[in-house]
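What follows is a single structure, written as structure tokens, with notes after it.
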Amino acid sequence: MPNSMQTIGSLTRIFKEKKWKPLFDSMGIDAFGDFIKLFKGLSKDETNLVLTLLEDYLYVDANSMLKHFRMIFKSIGEDLIANYYSKVIFVPLRKENSLSTKSQTYALYPAFHALRQLTKNKVTVSSYDRIEALSTKEKNRQGALILLVDDFIGTGDTALKAYEKYNSKYRVDTDDPAILTIACLGSGKQKIQNKNIQLWHSIEQSKGISESSRIQKKLDALEIMKQISSKLRVRPDYYLGYKSSEGLISMSVRTPNNTFPLFWCPKDSSGNEWPAPFYR
């Protein structure tokens with residue numbers, strides 16, 4: 001590991017500033033140790049890039065999800081929601097005939113409880129694990145706010161497909177739908193809003209290298225990241241994250257594949273274990 005004391009010092013500072021050590025300790029995750037192992041296989045330039053990226057890395061733990069949803073609803077106005085709509089219905093942002101994923105379920109319930117706490121029963125709030133409930137249990141709704149929930153929106157492609165299915169099969173004339181998420185990439189947000197779809201979110205992330213204010217030599221940094229990713233068991237089109245998203249985020253139950261793979265890929269190119277700090 002190049003400049004081991006300096007590297008450990010920088011990593012210690014980052015963990016302290018982000019309050020990661022007590023968080024990961026409580027979860028039984030040795031992310032600090034994994035980074036030390038990871039750095040041992042990287043060059044000086046590669047290590048410095050990863051440390052720079054960690055400055056902007058976000059880890060959204062389960063306990064903070066309720067806080068983020070409360071922030072979203074407060075920014076919209078909980079009284080406005082309670083007074084304007086006859087009912088609020090939460091469903092996963094998911095195509096029909098499929099169960100919500102673990103991450104969507106984790107996002108669904110804190111979102112539901114955050115709004116119930118804020119509106120204090122001034123409006124009826126319901127939550128369902130399947131979108132099909134909109135055509136069965138909620139088929140007679142009128143004037144409802146439909147919140148299609150996921151914890152993270154990446155490129156926006158999957159979200160748009162799921163939304164279009166809702167729009168064509170489950171929407172009624174008096175619905176007012178919105179996509180609700182804790183975090184999104186800026187590119188995905190733009191794609192969704194270009195379709196005139198409401199997107200309610202707490203966190204927006206830019207591309208980790210291409211749009212970074214910390215990195216001056218961006219082309220060089222992109223090549224260094226591709227060099228790191230080439231050590232991993234991932235396809236070249238994932239070297240910068242799915243569709244070159246350049247993500248720097250992990251959610252409580254998963255790391256999206258939009259994030260640079262060095263943070264989540266469990267195997268190196270030879271099939272040996274890679275010390276990824278944040279698994280998918």
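The values are calculated or read from the model by the stated rules, or taken from the named source; none is laboratory data. It should be emphasised that the depicted structure is a prediction, and the values quoted were computed from it without experimental measurement. Ideal geometry is used to build each Cβ from the backbone, glycine not excepted, and the neighbour counts take in all protein chains shown. Ligands, DNA and RNA are excluded from the accessible area calculation, which covers all protein heavy atoms including side chains. Shrake-Rupley method; radii C 1.70, N 1.55, O 1.52, S 1.80 Å.
Of note:
- Length gained when the stretch LYS218-SER86 is fully extended (0.36 nm per residue, less Cα-Cα span): 42.5 nm
- For segment 205-218, 3J(HN,Hα) per residue [Karplus equation, 6.51 cos²θ - 1.76 cosθ + 1.60, θ = phi - 60°, Hz, x = Gly/Pro]: 10, 8, 5, x, 10, 4, 10, 7, 7, 8, 9, 8, 8, 5
- By average C-beta atoms within 10 angstrom, highest first, the peptides 219-226, 79-86, 240-247: 240-247, 219-226, 79-86
- Near LEU58, the amide H atoms lying under 5 Å from its own belong to ILE249, SER250; only residues 5 or more places off or on other chains count, and H is placed 1.01 Å from N.
- Cα centroid separation - segment 135-163 against segment 207-259, whole Å: 29
- Nearest-ten-degree value, helix 31-40 long axis tilted from longest Cα axis of the chain: 40
- Exposure rank, largest accessible area first [GLU164, GLU138; 1.4 Å]: GLU164, GLU138
- Over segment 33-186, relative contact order from alpha-carbon pairs under 8 Å, at least 6 apart, %: 26
- Under Karplus coefficients 6.51, -1.76 and 1.60, residue-wise ³J(HN,Hα) of segment 227-238 in Hz, glycine/proline x: 5, 5, 5, 5, 7, 9, 8, 9, 5, x, 6, 9
- Highest mobility in the GNM of the chain, judged by mean-square fluctuation with C-alpha springs under 10 Å and restricted to PHE35, PHE24, PHE263, is found for PHE24.
- Shape of segment 26-83, Cα gyration tensor, a/c cut at 1.5: oblate
- When the Gaussian network model of the chain links Cα atoms closer than 10 Å, the mean-square fluctuations of GLN117, GLN205, GLN190 top out at GLN117.
- Pairs of Cα atoms nearer than 8 Å and 6+ residues apart set the relative contact order; for the chain it is 19 percent.
- Note that the chain shows a convex hull volume over its alpha carbon atoms of 136 Å³ per residue.
- Rounded percent of accessible protein surface that carbon and sulfur make up, the chain, 1.4 Å probe: 47
- In the context of the full protein assembly, HIS68 retains an accessible surface of approximately 20 Å², using a probe radius of 1.4 Å and ignoring ligands and nucleic acids.
- Each residue of segment 77-90 was assigned a 3J(HN,Hα) from its phi angle through the Karplus expression (A = 6.51, B = -1.76, C = 1.60, θ = phi - 60°), giving x, 5, 5, 4, 4, 5, 8, 8, 10, 6, 7, 10, 10, 9 Hz with x at Gly and Pro.
- Expected 222 nm ellipticity per residue - DSSP helices of 4 or more, -39500 (n - 2.57), all of the chain, to 500: -13000 deg cm²/dmol
- Between ILE203 and ALA183, CYS184, the built amide H atoms are under 5 Å apart, and every one of these is 5 or more places off in sequence or on another chain.
- Stretching LYS40 away from GLN193 to a fully extended chain increases their span by 50.8 nm, per 0.36 nm per residue minus the current alpha-carbon distance.
- Under 5 Å between amide hydrogens, built in the peptide plane, is the criterion, and for LYS267 it picks out ARG233, TRP274 among residues at least 5 positions away or on other chains.
- Highest-fluctuation residue, ARG233, ARG13, ARG171 considered, GNM on the chain with Cα pairs under 10 Å: ARG13
- Counted charge near THR12, where neighbours are those whose Cβ lies closer than 13 Å (Asp, Glu -1; Lys, Arg +1): +4
- Rg over Rh [alpha-carbon atoms, Kirkwood Rh] for segment 75-188: 0.94
- Computed from label points 7 Å out along Cα-Cβ, the spacing between ASP157 and THR52 is 2.8 nm.
- Simple spin-label estimate for SER210 and LYS67 gives 3.1 nm between the two label positions (7 Å along the Cα-to-Cβ direction from each Cα).
- 19 Å Cα-Cα reach of LYS19 towards lysines, excluding residues that sit fewer than 8 places from it in its own chain: LYS67
- Those aspartates and glutamates that a straight Cα-Cα span of less than 15 Å connects to LYS217, excepting residues fewer than 8 apart in one chain: ASP45, GLU46
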